[in-house]
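The values are calculated or read from the model by the stated rules, or taken from the named source; none is laboratory data. Please read these numbers as outputs of a predicted model, since none were measured by experiment. Positions of Cβ are generated from backbone atoms using ideal geometry, with glycine treated the same way; all protein chains shown enter the neighbour counts. Accessible surface areas use protein heavy atoms only, side chains included; no ligands, DNA or RNA. Shrake-Rupley method; radii C 1.70, N 1.55, O 1.52, S 1.80 Å.
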Amino acid sequence: MSRTPRKSTSMTLDAATLEEAHRLGINVSRAAEEGVQAAIRAERARQWRAENADAIADYNAFVEAEGVPLSGYRKF
């Protein structure tokens, strides 16, 4: 459970979705928070990949040309 301060917000949901969530005992606030956290993680990962695309491409080109560094020492 988060120890950070919580802040109230408002959101609009499809009525049938909200009714089903309540019927199933789903904590809508928690589910929404988890969904937003997942979206944040995905966006951060996307941004990291975009920011590091050149370095990733350079490394992949190196591995393609030279092989995996220290591969001679691998046991598998």
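Excluding the site residues themselves, the longest part of the chain lacking any trypsin sites (Lys or Arg not before Pro) in a DSSP loop with at most 16 other Cβ atoms within 10 Å is 8-73. Residue by residue through segment 69-74, which ³J(HN,Hα) values in whole Hz follow from phi under the Karplus form 6.51 cos²θ - 1.76 cosθ + 1.60 (θ = phi - 60°), with glycine and proline marked x? Once rounded to whole Hz, the list reads x, 6, 5, x, 9, 6.
Overall, the accessible surface of the chain at a probe of 1.4 angstrom is composed of carbon and sulfur to the extent of 55 percent. Scalar couplings 3J(HN,Hα) for segment 49-58, obtained by applying the Karplus form with A = 6.51, B = -1.76, C = 1.60 to θ = phi - 60°, are 4, 5, 5, 10, 4, 5, 5, 5, 5, 4 Hz; x denotes Gly and Pro.
Kirkwood hydrodynamic radius of segment 26-76, from the reciprocal of the average inverse Cα-Cα distance over all distinct pairs: 14.2 Å. Each residue of segment 31-46 is assigned a 3J(HN,Hα), and the resulting list reads 4, 5, 4, 5, x, 5, 4, 5, 5, 5, 4, 5, 5, 4, 5, 4 Hz, derived from the Karplus form 6.51 cos²θ - 1.76 cosθ + 1.60 (θ = phi - 60°), x at Gly and Pro.
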